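J.: The structure's right below; bear with me while I get my questions together.
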Amino acid sequence: MSTGARIWESEPRRAVADVCNRLYERSYLVATSGNVSVRRGEGFLITPASTRKDAVGPDSIIECRADGTPLDPEKRPSSEVAMHREVYRARPDVNAAIHAHPHYCLACSLAEISLTEMLLPELAIYIGPVPLVPYATPGTDEMCVKLAPFIEKHNAFLLKRHGVLVLGKDLQDAYNRLEHLEHIANVAYLVSSMGTIEPLTKTELRKLTSQARKLGQHISQTLLELLE
Ligand SMILES: [Zn+2]
């Protein structure tokens with residue numbers, strides 16, 4: 001597997017496969033769960049159905065049209081292909097999507113511990129508020145229906161009893177957000193056993209977003225609206 005910066009410089013099929021291997025190594029998913037995609041032309045590349053993520057290689061990655069059908073009719077894309085199709089349809093600014101089942105995000109989704117409060121600067125700067133999407137049967141169009149009210153304004157989503165969906169301007173951006181989100185969910189869990197969690201105040205958030213803008217960081221539209 002590629003390490004460090006090299007993973008992001010690989011050709012797209014290799015990069016998707018390497019991210020799958022990395023997700024598996026970090027226990028962000030197990031066995032055949034999870035799926036990864038990147039935009040390609042009018043359509044997108046996506047991981048195959050029922051394939052272990054430690055065994056995914058560049059040749060396994062499937063190219064789909066904008067409507068989610070595979071170019072090669074013999075190939076079977078991820079069962080969550082409709083969710084990825086909806087992401088690219090609704091979000092022209094998004095070029096990569098990762099769906100995984102990391103432990104702490106999944107636990108937060110079950111416990112309904114909100115990640116909409118800005119607990120840490122990383123959440124405010126890199127992701128913005130993360131809504132909890134109501135439960136839907138995995139692999140069905142119901143998932144798209146439940147996601148629809150949230151998809152345009154957020155960069156990451158806790159999927160109840162299921163996991164997390166994280167979007168990015170590219171694969172590295174999506175993966176960075178996933179790492180930050182799982183770290184924040186882990187911290188939220190630890191703090192929940194200690195007492196009340198105090199989020200960053202609006203004053204601190206305004207200072208933070210102003211500083212982040214100076215550094216050229218894109219700030220979540222939802223967060224900016226909260227600060228108006
Ligand atoms: Zn899943």
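None of the figures in this text is laboratory data; all of them are computed from the coordinates on show. What you see is a predicted model; the values in this text were computed from it and never measured. Here Cβ is always computed from backbone atoms with ideal geometry, including for glycine, and neighbour counts include all displayed protein chains.
J.: When all alpha-carbon pairs of the stretch 69-202 are counted, what percent fall beyond 17 Å?
T.: So the pairs more than 17 Å apart make up 58 percent of the total in the stretch 69-202.
J.: Hey, what angle do you get for helix 171-192 against the long axis of the chain, alpha-carbon based, 0 to 90 degrees rounded to 10?
T.: The two axes meet at around 50 degrees.
J.: Right, another one. Mind checking which of Ala90, Ala15, Ala188 has the largest fluctuation in a GNM of the chain, springs on alpha carbons under 10 Å?
T.: Ala90
J.: Hey, what number do you get for the chain at 222 nm if only DSSP H runs of n ≥ 4 count, each worth -39500 (n - 2.57), divided across all residues, to the nearest 500?
T.: -12000 deg cm²/dmol
J.: Go through Lys75/Lys146; Lys146/Lys214; Lys169/Lys207 and tell me which ones have a Cα-Cα distance over 31 Å in this structure.
T.: As for pairs spanning more than 31 Å Cα to Cα, those are Lys146/Lys214.
J.: By the scheme Lys and Arg +1, Asp and Glu -1, what is the net charge of all other residues having a beta-carbon under 14 Å from that of Pro199?
T.: The answer is -2.
J.: Work out the length of the dipole vector of the chain about its Cα centre, built from +1 on the beta-carbon of each Lys and Arg and -1 on the beta-carbon of each Asp and Glu, and round it to the nearest 20 debye.
T.: Its charge dipole is roughly 180 debye.
J.: Bin by bin, in steps of 5 Å, what percent of the Cα pairs in the chain do you find, going until the bin that has the longest distance?
T.: Histogramming the chain at 5 Å steps yields 1, 7, 15, 19, 20, 17, 11, 6, 3, 1, 0, 0 percent.
J.: Rank these for me by crowding, Met118, Met143, going from fewest to most other beta carbons within 10 Å.
T.: Met143, Met118
J.: State the Cα centre-to-centre distance between the stretch 207-228 and the stretch 119-170 in whole Å.
T.: Answer, in whole Å: 19.
J.: Another question, then. Can you sort Ser37, Ser78, Ser10 from fewest to most other Cβ atoms within 10 Å of each residue's own Cβ?
T.: Placing the least packed residue first, the sequence is Ser10, Ser78, Ser37.
J.: Bin by bin, in steps of 5 Å, what percent of the Cα pairs in the stretch 55-134 do you find, going until the bin that has the longest distance?
T.: 3, 11, 16, 20, 17, 14, 11, 6, 2, 0
J.: Using a Gaussian network model of the chain whose springs link C-alpha atoms within less than 10 Å, name the residue from Ile61, Ile46, Ile113 with the highest mean-square fluctuation.
T.: Comparing Ile61, Ile46, Ile113 in a Gaussian network model of the chain, the most mobile one is Ile113.
J.: Please report His218, His154, His99 as a ranked list, fewest other C-beta atoms within 10 angstrom at the top and most at the bottom.
T.: By the 10 Å Cβ count, ascending: His218, His154, His99.
J.: When N is the residue count of the stretch 11-57, what does its C-alpha Rg come to as a fraction of 2.2 N^0.38 Å?
T.: Output field value: 1.09.
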